[in-house]
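Values quoted throughout were computed directly from the atomic coordinates according to the rules given, and no laboratory measurement underlies them. What you are looking at is a predicted structure, and each value in this text was computed from that prediction instead of being measured. Positions of Cβ are backbone-derived with ideal geometry, glycine not excepted, and every protein chain shown enters the neighbour counts.
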Amino acid sequence: MFCIYCGAKLPDQAKFCGNCGAKVPVPDSQNKNAPEDDEPGALISYKEELLELCQQYNQFDDFLDHHFYIYCYPKIPREKVENALTSYAAGSGIQPEAVLILCDDTFFGRADKGFLITENQLISEAGCFPLKDIQEVVKPSFFQDCRILPQNVVISDMPSNEEIDFFCEFFNALLRKKRQSGY
C-alpha cells in the first residue's frame, strides 16, 4: 500500500502516512464515502497510457542524433533517477522503479533539476501535481519556459527543441485521451 499524496510505502494497517502525515483513506471496499475520481485527493492511474507513450518515445529516440532531456522507461539511467529523487523529489516517497518519465533539465546531465512522472503524478521543483489535474504541458518558446496548465507553473526552463516538442505533443495527446475517456 502507498500514500496517495506522496507515494511513500505504507504498512497495510496504517492510518496516517509516516512520510507526509496525511490520513490514509479507507479502501473503497470498506468506505462508502470514498473520494470520486474527480474529487481532490483522488489519484488516477495513467500507467498504461504512459507506458505506451514511453514505447513510442523510445522508438522516436532511436532516430535522434542527440539525447539531452527526456528519458522514458525502461531507458532511464539509474543515476539520473537517484539524483532527481534526492534533489527536487526528495521527501516525495517515490521509489526509483515508479519513475516512468524523467526530464533532465541540467547542462551537465546530473538530473537534479527537471521533472519526473510516475503513473499518477508529475513532480518538479515547483511541487507535486496529480496528472488528472493537468490540462496541458506548454512547450517552451523564446518567451516562456515549459509550464503546466491550468496551474501555470514552470516545470522546466529548458530550451525548445525537437525532443521537447515531441514529448509535449505526445503527453498532451495522452492527457486529452484520458479526459475524453472519462478517466
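Observations on the model:
- In percent, rounded to a whole number, the relative contact order of segment 55-127 is 28, using alpha-carbon pairs under 8 Å and six or more apart.
- Cα-projected label distance for Ala126 with Gln95, points at 7 Å along beta-carbon direction, nm: 3.0
- ³J(HN,Hα), Karplus 6.51/-1.76/1.60, whole Hz, each residue of segment 123-138, x for Gly, Pro: 10, 9, 4, 7, x, 10, 10, x, 4, 5, 8, 9, 8, 6, 9, 7
- Exposure proxy order (Cβ contacts within 10 Å, fewest to most) of Arg110, Arg176, Arg78: Arg78, Arg176, Arg110
- Where a label projected 7 Å from the Cα of Phe60 along Cα→Cβ would reach, residues of segment 145-183 with amide N under 12 Å: 161-174
- Lysine pairs meeting the criterion (Cα under 24 Å, 8 or more apart or interchain), as found in segment 47-180: 17
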